[in-house]
1. Given 20 °C and 1.002 mPa s, how large is the Stokes-Einstein diffusion coefficient of segment 386-453 in µm²/s, with Rh as the Kirkwood radius over Cα pairs?
2. Mind checking the per residue accessible area of segment 188-308 for me, 1.4 Å probe, whole number of Å²?
3. Report the net charge of residues surrounding Cys308, where surrounding means a beta-carbon distance below 15 angstrom and charges are Lys +1, Arg +1, Asp -1, Glu -1.
4. If contacts are Cα pairs under 8 angstrom and at least 6 residues apart, what is the relative contact order of segment 235-348 in percent?
5. Note down the net charge around Ala374, summing +1 for each Lys or Arg and -1 for each Asp or Glu among other residues with Cβ under 14 Å from its Cβ.
6. Quick check on my link table: of Lys321/Lys356; Lys321/Lys342; Lys322/Lys407, which ones sit more than 19 Å apart, alpha carbon to alpha carbon?
7. Could you check how much of the accessible area of segment 348-459 is carbon and sulfur, as a whole percent, using a 1.4 Å probe?
8. So between Met158 and Asn431, what do we pick up on full extension, going 0.36 nm a residue minus the alpha carbon distance?
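The values are calculated or read from the model by the stated rules, or taken from the named source; none is laboratory data. Keep in mind the model is a prediction, meaning the values are calculated, not measured. Because the Cβ atoms are built from the backbone with ideal geometry, glycine has one as well, and the counts that use them run over all protein chains shown. For accessibility, only protein heavy atoms count, side chains too; no ligands or nucleic acids. Shrake-Rupley method; radii C 1.70, N 1.55, O 1.52, S 1.80 Å.
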Amino acid sequence: MAHSSPPSSPPTADNSDADHRLREAEERLRDAIHELHLRQRRAAAAQHHHLLNAKLDSPPCDHGPDESCVAHAIGNLCQTFLLSYGVRVGIGILLRAFKLARKQSYSSLLDLKQLVSEKDLIVREEACRIGLLFGGFTGSYHALRCLLRKLRKKETPMNAILAGSVAGFSILALNDKNRRRTLALYLLARLAQCAYNSAKSKNQFHLWGSHWRHGDSLLFALACAQVMYSFVMRPESLPKAYQDFIQKTGPVAEPVYKAVRDSCRGYKVDVASLHAYLTRIGKADYVKLEEFPSIIPCSIIHPGTNSCLAHQGKATSATFKKTFPLYFSLTFVPFVVLHLQKFTDAPVRTFWFATKGAIRSTSFLSAFVGIFQAVICSHRKVASRDHKLVYWIAGGVAALSVLLEKKTRRGELALYVLPRAVDSLWYILVNRHLLPDIRNAEVFLFSLCMGGIMYYLEHEPETMAPFLRGLIRRFLASRISNPSPPSNTTSTTTTSTYLQALDDMTKPKLQEKRETESSSEKLNLESIPGL
């Protein structure tokens, strides 16, 4: 597979790779020092507590002695609820602003009634459910950790697993079974990643091909192949919100996809529905329709133009215009809400990095749509009969557009699409009675996965992806990310000094760039249905 960097500029590629490796090394070193610092402080706090009260028979909690366990849990619940609610509402308002601006109604941007009215911006219930999911998990996790310390009289990895598993039932705050299943499968993929990294670091297991330069792109291609096949041939196997997103992003109408599906299966094509669609766009006069066609021709797939190349160019351009506001919102809003102080310190820089990241991500998605359409049209130039495998191959080939994204983003995108591919495959196997249909299976799966994720977060954090680790720590708002006051031990002072020196040496511009880029990965597209 070709390198993502152009061959004509090797010095730039080398510098980019060197900067990337340097940032990764800095991140790993900072995490290692942070964990060492945290363990030293916990050990010092435990020793100090033991000296003050020799009769203490349970380990100290992460929060300070001046704060009760109940107050600590409720405070974290409220803080995380407000953060989650703010992110969701902020994205909704920004997307509404883009919609008004697209209609050239610039004066309405200053009219709060049009900008944030419940009639046009339905986010209240959605934002509350997301807030209850994250806030409920955070509050119950901290409460359970404190309770388990007191009941079990010891601090072990099992405490984190049990607390995370029970707190995972906060997923019931979402009333959509499909969204719960998607989240559960996403966490399962993340848990598998942590388990694999842990085994690999201990020389217990090593997956063949994991050292490949573009192994993440290959995984993304396989997942996209399954998703696009499901979208064309088995759309009911995909979540409704995700299905609608693909349909709105692409240039082919739903009646055409249905005709393609029926043609591949040898069914009778709904000529009346297809004719009604072509009449609506004014192209029914020259298109010949058959009830049992061997293949749906290009003249029906893109009736607006006779040129396949022009159709692909239009599809790419239209996708860019549709999705740029979305990607900009997902990049800009989370950073402002989660890092308000840094945004106020450098608003222009934040806006610039958000715009640049959104352009890159939108270009990747636009190229995906264009390549997918090109493969479909190319097949019709050389074949007289359609086959469902064509759409699986087209999805895999179109996924090569991921090479436009940064190397660090490709693995995250693969793990984002993989749960949807598994979700689709799961549905198909259950529908064919090859797997049992267990009621609320996604709730229990999410619960178990959260138990495993919390274990790795607290005891093997280096196995987690940096953005996921930072995101969970930020929303947990606990002593995991805000350790207790430092003790006076020499080793703690040394590591603190070294960590501060490392932060001073790191350029603020690079740090802002990393955090702005990572914020775009914190929310999935299904958090904005109906907008």
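1. 145
2. Counting only protein heavy atoms, the per-residue value for segment 188-308 is 50 Å².
3. +3
4. Rounded, it is 22 percent for segment 235-348.
5. +3
6. Result: Lys321/Lys342; Lys322/Lys407 exceed 19 Å.
7. Taking all protein chains in place, segment 348-459 shows 68 percent carbon and sulfur surface.
8. 94.6 nm
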